[in-house]
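Chemist: Can you keep this structure in mind? I'll have questions shortly.
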Amino acid sequence: MQEDPTTTFDAVIIGAGAAGLFCAGVAGQRGLRVLVIDHAAKVAEKVRISGGGRCNFTNRDATPAQFTGANPAFCRSALARYGARDFIALVHRHGIAFHEKHKGQLFCDRSAEDLIAMLLAECAAGNVSRWQPCAVQAVRYSDGTGYEIATDRGTVRAPRLVIATGGLSIPAIGATDFGYRIAAQFGLKLVERQPGLVPMTFDGAAWTLYGGLAGLALPVEIETGSGKARMRFSEDLLFIHRGLSGPAVLQISSFWKPGQPLRLNLAPGIDLTGELARAKSTSQRLVANTLAAWVPQRLADAWVQQNPAWQRPVNEAADKALAQLAERIARWEITPVGTEGYRKAEVTLGGVDTKELSSQTLEARRQPGLHFIGEVVDVTGWLGGYNFQWAWSSGHACAQAMADALGK
């Protein structure tokens, strides 16, 4: 009996986000019959909202060093075979104007919609079929026929199934645990999931002094952990009503463990002890106003409220008090009570254990033809375009592997 070409594909990709669409386009252009399924009506919502609507689509300097997970080296193979330079070349071919904003971070000049149009154009060039919105009801596997996927639009079959459903971050745009459930169904181990690149919250009573600083931003050095687990970033900090955010905190949140303190230098690159000592001999200004030469005035005003010894002219302040003030600002230690959760998290830490997957093909070692790409895998990049690069690199590796396996 002949197979029905309308329900049989070489590969079915579940998830029409960055990784899924890119994988589909590459696989389709290699000659595979590809179907992309997504429960959402719109494609690539995370691309659409990223970077304030301009999408930080990669980082020019992306290397495996900017990724974390139980096995950070897992991403090395995919990144080596399709890196930032390759994706930038594709963006150039589509005539999308872009710019570097900060530390290698590349953004579309006009809109993230340009990038989405590029992904869809790549899919069209590969004759990719797309069913949206379409819910997947069940996935079954048979040694003889491969994967059978029951959907709202009927049942489809394929020897290759790619899970590109992302993580739990930002449920408002459709994030679900579907990918993790499929992994568990086929016996793959999962690394515990938690919000990453996320604002951090602090105890209400302890935070009263700083809550009024909401909206204040300043460059800082931030670190957490100790020994080999110690991580440090130099980025901008943003005070928010319930805690801290900004690139500095988003970065460190992926490495913070509950109960650990954060250590911040609020005046990086400045010898505050020496500056205050010099100011004492030359100025009669209040300590807060003197301090405002190196940190924002609002922060200086709030900070001196902690100690009456700082609420006086700098020339009248005790040397010990000024030294203590400088030390506190250069090494502010504060312990978060938690984070803003998946609602505000940009990524999900953890996911499908990389020990279960081939780093070359992203295929499950113990389940033939089942691939996992993008955020659903336990690979998380730093803030700054690295996670999108993982989407492109893992999607490309998977597509090439499927085409090679099917002789395309």
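The values are calculated or read from the model by the stated rules, or taken from the named source; none is laboratory data. Just so you know, these numbers come straight off a predicted model, no measurement behind them. Note: ideal-geometry Cβ built from the backbone for every residue, glycine included; neighbour counts use all protein chains shown. SASA here: full protein model, heavy atoms, side chains in, ligands and nucleic acids out. Shrake-Rupley method; radii C 1.70, N 1.55, O 1.52, S 1.80 Å.
Chemist: Over the stretch 231-316, what relative contact order in percent results from Cα pairs under 8 Å that are six or more residues apart?
Modeler: For the stretch 231-316, the relative contact order is 22 percent.
Chemist: Using the crude model of +1 on Lys and Arg Cβ and -1 on Asp and Glu Cβ, and no other charge, please compute the dipole size for the chain relative to its Cα centre, in debye to 20.
Modeler: 300
Chemist: Taking Cα centroids, how far is the stretch 139-160 from the stretch 256-279 in Å?
Modeler: The two parts, judged by their Cα centres, are 57 Å apart.
Chemist: Students often forget the sequence filter, so: which lysines lie under 27 Å Cα-Cα from Lys280 once same-chain residues fewer than 8 apart are removed?
Modeler: Lys320
Chemist: Please give the charge dipole size of the stretch 201-290, origin at the Cα centre, charges +1 on K and R Cβ atoms and -1 on D and E Cβ atoms. Round to the nearest 20 debye.
Modeler: It comes to approximately 180 debye.
Chemist: With a 1.4 Å probe and all protein chains kept in place, how do Lys320, Lys189, Lys408 rank by accessible area, largest first?
Modeler: Lys320, Lys189, Lys408
Chemist: Whole-Hz Karplus ³J(HN,Hα) for the stretch 129-142, in order, using 6.51 cos²θ - 1.76 cosθ + 1.60 and θ = phi - 60°, x for Gly and Pro?
Modeler: 8, 9, 10, 8, x, 8, 8, 8, 8, 6, 10, 10, 10, 9
Chemist: Just name one of Met200, Cys134, Ser50: the one whose Cα is farthest towards the positive end of the charge dipole of the chain (beta-carbon charges, Lys/Arg +1, Asp/Glu -1).
Modeler: Met200
Chemist: Given 37 °C and 0.692 mPa s, how large is the Stokes-Einstein diffusion coefficient of the chain in µm²/s, with Rh as the Kirkwood radius over Cα pairs?
Modeler: 142
Chemist: Past 30 Å, Cα to Cα: identify those pairs from Lys228/Lys355; Lys344/Lys408; Lys103/Lys189, in the order given.
Modeler: Lys344/Lys408; Lys103/Lys189
Chemist: Is the shape of the stretch 316-367 rounded, prolate or oblate, going by the alpha carbon gyration tensor and its root eigenvalues a ≥ b ≥ c, with a/c under 1.5 for rounded and a/b larger than b/c for prolate?
Modeler: In terms of gyration-tensor shape, prolate.
Chemist: Would you tally the net charge around Thr165, using a Cβ to Cβ cut-off of less than 9 Å, leaving Thr165 out, and scoring K and R as +1, D and E as -1?
Modeler: Result for the neighbourhood of Thr165: -3.
Chemist: Under 5 Å between amide hydrogens, which residues at least 5 positions from Trp294 or on another chain qualify, with H placed 1.01 Å from N in the peptide plane?
Modeler: Here the answer is none, since no amide H 5 or more places off falls under 5 Å of that of Trp294.
Chemist: Also, quick follow-up: Which value, in Å², gives the accessible area per residue of the chain when a 1.4 Å probe is used on the protein heavy atoms?
Modeler: Per residue, the chain has 43 Å² of solvent-accessible surface.
Chemist: OK, next. With n ≥ 4 as the cut-off for DSSP H runs, can you work out [θ] at 222 nm for the chain, using -39500 (n - 2.57) per run divided by the number of residues, rounded to the nearest 500?
Modeler: Mean residue ellipticity, 222 nm, calculated: -9000 deg cm²/dmol.
Chemist: Something else about it: In what sequence, highest mean first, do 349-359, 283-293 appear when ranked by Cβ atoms within 10 angstrom?
Modeler: 349-359, 283-293
Chemist: Using only the alpha carbons of the stretch 210-263, determine the length spanned along each of the three principal axes and report them from longest to shortest in whole angstroms.
Modeler: Per principal axis, max minus min of the Cα coordinates gives 35, 22, 15 Å.
Chemist: Here is a follow-up. Restrict the search to the stretch 49-100; then list the trypsin sites (Lys or Arg not before Pro) that DSSP places in a loop and that have at most 16 other Cβ atoms within 10 Å of their Cβ.
Modeler: Arg60
Chemist: Quick one: pull the percent of accessible area on the chain belonging to carbon and sulfur, 1.4 Å probe, ligands and nucleic acids left out.
Modeler: The nonpolar share, carbon plus sulfur, comes to 50 percent.
Chemist: Still on this structure, I have one more. Can you tell me the relative contact order of the stretch 1-112? Whole percent, Cα pairs under 8 Å, sequence separation 6 or more.
Modeler: Worked out over the stretch 1-112, it gives 24 percent.
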